[in-house]
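Worksheet for the structure shown next.
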Amino acid sequence: MNSVTLAVASIRSRALHSTLCAAAVAAGIALLCSVFLFSQSVADGFSRNAAGIDLVVGTKGSPLQMVLSSVYHADIPAGNIEMRDYEKLKRNPRVKMAIPLALGDNYKGFRMVGTTPDYLRLYKADFASGEVFAAPFETVVGSGSGLSLGDKFAVSHGLAGNTRDVHDGHLYTVTGVLKPTGTVLDKLLITDVKSVQELHGGHDHDHQADSDHEEGGHHSKSDHGHDDDHDHDHEHAHKSDGHDHHSKAEHAHADHGHQERAGLKSQITTVLIKVRSPLDLMNLPRQINAESDIMAAVPSYEMARFVKNLGVGRNLMIVLGAGFIILSSLMLLASLASGLALRRYDLAVLRVLGATSRRLSATVLAEALIISGIGAIFGVLLGHVLAYCAVISIESLRGLVLPEALLIPRAMDVGFILIGLVSGLVASLVPSITAARTDIAGLLARGRG
Amino acid sequence: MFLKSKDITVVRKGGSTLQFPDIEVGHDDSVLLLGASGAGKTTFLSVLAGLLRPNAGQVLVDGGDFYAISSSKRDQERGQKFGFIFQTLHLLPSLTLRQNIALAADMANVPLQNERLEHLLKTLGLVDKADRKPDALSQGEQQRAAIARAVLLRPQIIMADEPTSALDDDNANSVMDLLEAQAKESGAALLVATHDNRIKGRFKTIINLESQVREAA
């Protein structure tokens with residue numbers, strides 16, 4: 001029987017105290033651990049999905065919104081730009097690669113992305129089966145879509161998967177299924193940009209501004225005949241909800257004097273750009289922003305700002321977690337001290353039996369380390385689960401952050417367990433000195449413990 | 001001569017001074033320290049066992065000055081050569097009886113001899129209770145366990161502090177019988193401090209601690 005056995009016996013004899021102390025340590029560690037895991041995995045998710053995209057170019061509006069919607073597919077796009085903007089960008093000598101994106105439809109919540117095969121190259125996607133789209137309305141699907149080779153499906157308007165406006169005039173055919181990439185690509189459906197434009201621009205349009213979003217109005221499913229079910233498409237096809245977006249888009253159309261029908265056929269949502277040199281990353285946005293109705297955003301810059309804003313809440317949680325740990329350390333100190341007071345006579349007996357004073361200190365230290373260590377281990381487990389729950393409960397992080405990865409142990413867990421152990425060590429300092437200094441003769445002379 | 005003391009003086013916290021008579025305990029002696037409560041019996045035992053450094057005087061264990069060696073060496077010597085029985089017995093409540101007895105070997109850093117432990121459990125009639133906690137045992141069983149713990153390592157001396165004062169005559173006698181038998185079996189000297197006059201007749205040497213206290217000037 002060594003100090004550890006003695007410590008365990010003591011812990012078990014004071015199970016409630018010990019459990020409460022361990023729980024307090026666990027709470028503090030869980031808070032810290034989950035905050036760090038969460039923010040790290042969000043940041044990881046952002047950088048993994050940025051896939052080397054240097055710039056996003058789209059209609060004027062919120063750059064963050066543009067980055068979120070076009071790079072991370074986590075927000076709705078603000079409006080459209082002209083295909084010729086893309087053509088122009090492609091010819092720009094500073095641009096190494098320009099990829100058009102046309103968003104606006106979904107199949108069961110999986111976003112349909114009209115683009116070029118370059119988009120697949122961006123994520124270094126491999127095919128699990130099939131091949132890249134070649135003809136109109138052929139599509140390549142992400143591994144998470146549940147679709148398989150040869151499947152045919154119709155897409156709906158909007159990006160959320162809850163609209164009932166279905167483009168059932170045209171069916172997409174799956175010609176390729178991708179291997180998992182661990183990026184947003186897994187939840188996307190990729191097709192040629194012309195297919196999306198065809199779907200939205202190829203019909204008669206009755207673009208009566210904004211009335212088209214009222215589901216209860218003439219657009220409800222029951223009102224649609226097969227012939228007229230596209231008459232409102234373009235309105236929310238590329239913009240989703242919110243009148244700001246509409247007015248902007250319409251304003252843009254008006255400026256250009258386009259016919260709406262022809263306009264949608266030649267519109268895209270954004271262009272993803274890779275530049276030739278770091279210097280271009282400085283100059284190209286300036287050049288683009290000088291133009292009247294398009295703007296460029298740098299994803300890394302926007303996301304850094306976004307994460308910094310998240311940082312305020314993060315710091316608060318860290319302070320809270322640290323406070324918990326200090327509190328738990330004090331609780332442990334109080335518990336050890338009261339336990340020692342109860343066990344003074346036990347300790348005296350151990351000394352009489354030959355234990356050195358150092359050994360008594362070691363017993364107290366072992367007790368503190370066992371309690372705080374168990375608390376810290378539970379705290380880390382709980383922290384992982386909390387971070388996992390946080391990620392799966394935030395809709396816009398879906399696909400962006402992989403929640404399963406949060407349940408896997410990480411190197412930093414060791415750090416958190418060490419923090420817990422240090423709090424135990426600190427708590428045990430005074431009690432272990434007290435134990436070492438126990439006045440044995442005095443205790444024995446006074447009789448009972 | 002195993003244990004000797006010379007001119008031991010202890011100044012108590014209140015300032016009063018305790019002066020103790022010189023004693024000598026041989027390897028098979030049985031010595032009784034007789035004194036009323038407050039006469040300093042436990043204090044004297046503490047000094048003799050190396051638990052309390054006296055303000056003056058010397059304790060010799062096997063001829064060596066007990067307070068001249070390092071405290072950890074002293075702790076180890078005490079663990080190996082001294083067996084203790086307290087009035088309150090003091091078994092650790094969180095450990096089983098067997099663990100409590102084994103504690104003597106663990107704390108003294110001596111490997112536990114299981115046959116010795118089992119032998120003691122058998123002789124003292126504790127085999128059935130060995131895996132229970134002290135709370136579940138009778139006073140007599142606890143007393144026997146405390147004796148087993150004291151003699152486990154075959155100490156050179158068994159020190160008992162008021163082993164009988166809380167017991168009735170029958171129990172007092174049986175405890176003393178046990179103590180004497182175990183001391184003999186282990187080849188240990190017996191040093192008992194008590195105010196219990198009933199057991200006087202059992203000892204070869206009786207040292208009276210009465211009137212040794214001097215109040216502070």
Projected onto their principal axes, the Cα atoms of the stretch A:36-143 stretch, largest extent first, over whole-Å spans of 45, 37, 28
Under the 7 Å Cα-to-Cβ spin-label approximation, B:D62 and A:I392 lie apart by a distance in nanometres of 6.7 nm
Per the 1/(1 + (r/R0)^6) rule, R0 = 51 Å and r from the Cβ atoms of B:D169 and A:L418, FRET efficiency to 0.05 is 0.25
Here the FRET efficiency for A:E131 versus A:R437, based on Cβ atoms and R0 = 56 Å and rounded to 0.05, is 0.10
The stretch A:141-161 and the stretch A:7-46 have their Cα centres apart by a whole-number Å value of 42 Å
One finds the C-alpha centres of the stretch A:63-106 and the stretch B:160-209 to be spaced, in Å, by 98 Å
Simple SL model, points at 7 angstrom along Cα→Cβ for B:A181 and A:L407; separation in nm is 6.4 nm
With the label point 7 Å along the Cα-to-beta-carbon line of A:N315 and a cut-off under 15 Å to each amide N, the hits in the stretch A:1-41 are none
Here the longest stretch of chain B that holds no trypsin sites (Lys or Arg not before Pro) in a DSSP loop having at most 12 other beta carbon atoms within 10 Å is B:14-203
Taking the reciprocal of mean 1/r across every pair of different Cα atoms in chain B, the Kirkwood radius in Å is 17.8 Å
Only helices counted: for chain B, with every DSSP H run of 4 or more residues adding -39500 (n - 2.57) and the sum spread over all residues, [θ] at 222 nm is -10000 deg cm²/dmol
Per residue convex hull volume, Cα only, the stretch A:330-449, in Å³ is 107 Å³
Expressed as a whole number, the average count of other chain Cβ atoms within 10 Å around the Cβ atoms of A:341-352 is 5
Under 14 Å by backbone N from the virtual spin label 7 Å along Cα-to-Cβ at A:N283, the residues of the stretch A:96-133 are A:96
A student applying the Cα gyration tensor rule (rounded when a/c is under 1.5; otherwise prolate if a/b is larger than b/c, oblate if not) would label the protein assembly as shown prolate
Listed by chain and number, the lysines with an alpha carbon less than 20 angstrom from that of B:K73, same-chain partners under 8 positions apart left out, are B:K4, B:K81
Note on the stretch B:3-214, DSSP bridge orientation, antiparallel percent to nearest 5 equals 45 percent
Each residue of A:377-387 has, on average, a number of other protein chain C-beta atoms within 10 Å of its C-beta equal to 0
Each residue of A:353-364 has, on average, a number of other protein chain C-beta atoms within 10 Å of its C-beta equal to 6
In whole angstrom, largest first, the equivalent ellipsoid semi-axes that the Cα gyration tensor gives for the stretch A:353-424 are 39, 9, 7
Output ordering of A:338-345, B:49-56 (per-residue mean of other Cβ within 10 Å, highest first) is B:49-56, A:338-345
Eigenvalues of the alpha-carbon gyration tensor of the stretch A:82-127, times 5 and square-rooted, give semi-axes in Å, largest first, of 23, 16, 6
Proxy exposure order for A:F127, A:F416, B:F44 (fewest C-beta within 10 Å first) is A:F127, A:F416, B:F44
Per the 1/(1 + (r/R0)^6) rule, R0 = 51 Å and r from the Cβ atoms of A:L327 and B:K200, FRET efficiency to 0.05 is 0.30
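Values in this text are rule-based calculations from the coordinates and carry no lab data. These numbers come from a predicted model, not from an experiment. Cβ atoms come from the backbone with ideal geometry, glycine included; neighbour counts cover every protein chain shown.
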